[in-house]
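The values are calculated or read from the model by the stated rules, or taken from the named source; none is laboratory data. This structure is a prediction, so every number in the text was calculated from the model and none was measured. With ideal geometry, Cβ positions are generated from the backbone for all residues, glycine too; neighbour counts draw on all protein chains shown. Each accessible area value is taken on the protein alone, full model and side chains, heavy atoms only, with ligands, DNA and RNA left out. Shrake-Rupley method; radii C 1.70, N 1.55, O 1.52, S 1.80 Å.
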Amino acid sequence: YINEKNKKGHINPELYGNFSEHLGRCIYEGLYVGEDSEIPNTKGMRNDVVAALKEMKLPVLRWPGGCFADEYHWKDGIGPKENRKKMINTHWGGVTEDNSFGTHEFFELCEQIGCKTYINGNVGSGTVQEFSDWVEYCNMGGISPMASERRANGQDEPFNVKYWGIGNEAWGCGGSMRAEYADLCRQYSTYLRNYSPEHKIFKIASGANVADYHWTKTVMERAGQAVDAVSLHYYTVPHEDWQHKGSATDFTDEEYYTTLHKTLQMEELVENHTRIIKQYQG
């Protein structure tokens, strides 16, 4: 017997969020094909993929990475597409991208899906000013240099992005940093401004790799009051060797069950990292 009125707690829908990264055909061809494509699309977004994501009731979508976030320079992806710089995706395949999918296209995608937006800023190879300007470009409703540039690119009202990631996997592909990333995180956080009392931003620090509790302790000790959350990373793969972690589509029954079994460690990790975080909560 299921008593629907006997509630044990609340699960935030953001828990079921997804991320979109410039990896393989995830963005180009997967989500975005351009307005002139023979594939049915609305403003360049694939109708079939958008429909599938809407059916999933996707609550929030993160972009542009992953590892790609810390080599992405957002100003190269705004304005007339014929004027946008091409770039080399050094993290994933060394392919050339034309930046035709940028900030405005991401918001168009999320509007079609009906989900919230989560932007991961560039800390690994970017600057404080570059990140600060992106927040201003997206969230400033008044008069400012970045707001004026947004309006010149066809968007009068601010996008009001709530979730902002201060780098990604700073201990790895996001800069190969030590836990003292916390000082850099605090510096960046200082310049990520709230431009509206109704739309306060939610700052997310680059969290630990699996059971690196020293990382979490250092980040919370030095930057805990400057952020709202930390992003823990844990990958459930069947093999210990990350360079030979196995195929996503061709695997044995044993590999499948091993992968599922490894997800059980997530509860332990969340509990242990949460215990540290709570020690520094104001």
Residue list for region 8-29, restricted to those being among the charged types (D, E, K, R), part of a loop (DSSP other than H, G, I, E, B) and surrounded by 12 or more Cβ atoms within 10 Å (Cβ to Cβ)
Glu21, Glu29
Gly24: passes all of (1) closer than 26 Å to Thr127 by Cα; (2) at pLDDT below 95 but (1)
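Each row is one residue, and each column tells you yes or no for (1) hydroxyl-bearing (Ser, Thr, Tyr); (2) open to solvent by 80 Å² or more (accessible area, probe 1.4 Å).
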position: Tyr188; (1), (2): yes, no
position: Val227; (1), (2): no, no
position: Pro238; (1), (2): no, no
position: Glu268; (1), (2): no, yes
I'm trying to understand the selection: among the residues of region 66-96, which are over 24 Å from Pro145 (Cβ atoms), touching a helix residue (DSSP H, G or I) at 6+ places or on another chain (Cβ under 9 Å) and surrounded by 16 or more Cβ atoms within 10 Å (Cβ to Cβ)?
Asn89, His91, Trp92
Take Thr259 and tell me if it is polar (S, T, N, Q), at pLDDT 95 or above and in a helix (DSSP H, G or I).
no
If you take the residues of region 226-253 that are part of a helix (DSSP H, G or I) and modelled with pLDDT under 95, which of them is nearest to Lys200 (Cα to Cα)?
Trp242
Could you tell me which numbered condition Asn120 fails, if it satisfies all but one of (1) open to solvent by 60 Å² or more (accessible area, probe 1.4 Å); (2) modelled with pLDDT of 95 or more; (3) not hydroxyl-bearing (Ser, Thr, Tyr)?
(1)
For region 123-160, name all the residues that are within 15 Å of Ser189 (Cα to Cα) and open to solvent by less than 50 Å² (accessible area, probe 1.4 Å).
Val123, Gly124, Gly126, Val128, Glu130, Phe131, Ser132, Asp133, Trp134, Val135, Glu136
Given (1) part of a helix (DSSP H, G or I); (2) surrounded by 13 or more Cβ atoms within 10 Å (Cβ to Cβ), Gly174 misses just (1)
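Determine whether region 4-23 contains at least one residue that is touching a helix residue (DSSP H, G or I) at 6+ places or on another chain (Cβ under 9 Å), touching a residue at least 12 places away in the same chain (Cβ under 8 Å) and hydrophobic (A, V, I, L, M, F, W, C).
Yes - at least one qualifying residue is present in region 4-23.
Residue-wise test of (1) open to solvent by 10 Å² or more (accessible area, probe 1.4 Å); (2) under 16 Å from the mean Cα position of the chain (by Cα); (3) under 30 Å from Glu254 (Cα atoms); (4) touching a residue at least 60 places away in the same chain (Cβ under 8 Å).
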{"position": "Gly165", "(1), (2), (3), (4)": "no, yes, no, yes"}
{"position": "Phe202", "(1), (2), (3), (4)": "yes, yes, no, no"}
{"position": "Tyr234", "(1), (2), (3), (4)": "yes, yes, yes, no"}
{"position": "Asp241", "(1), (2), (3), (4)": "yes, no, yes, no"}
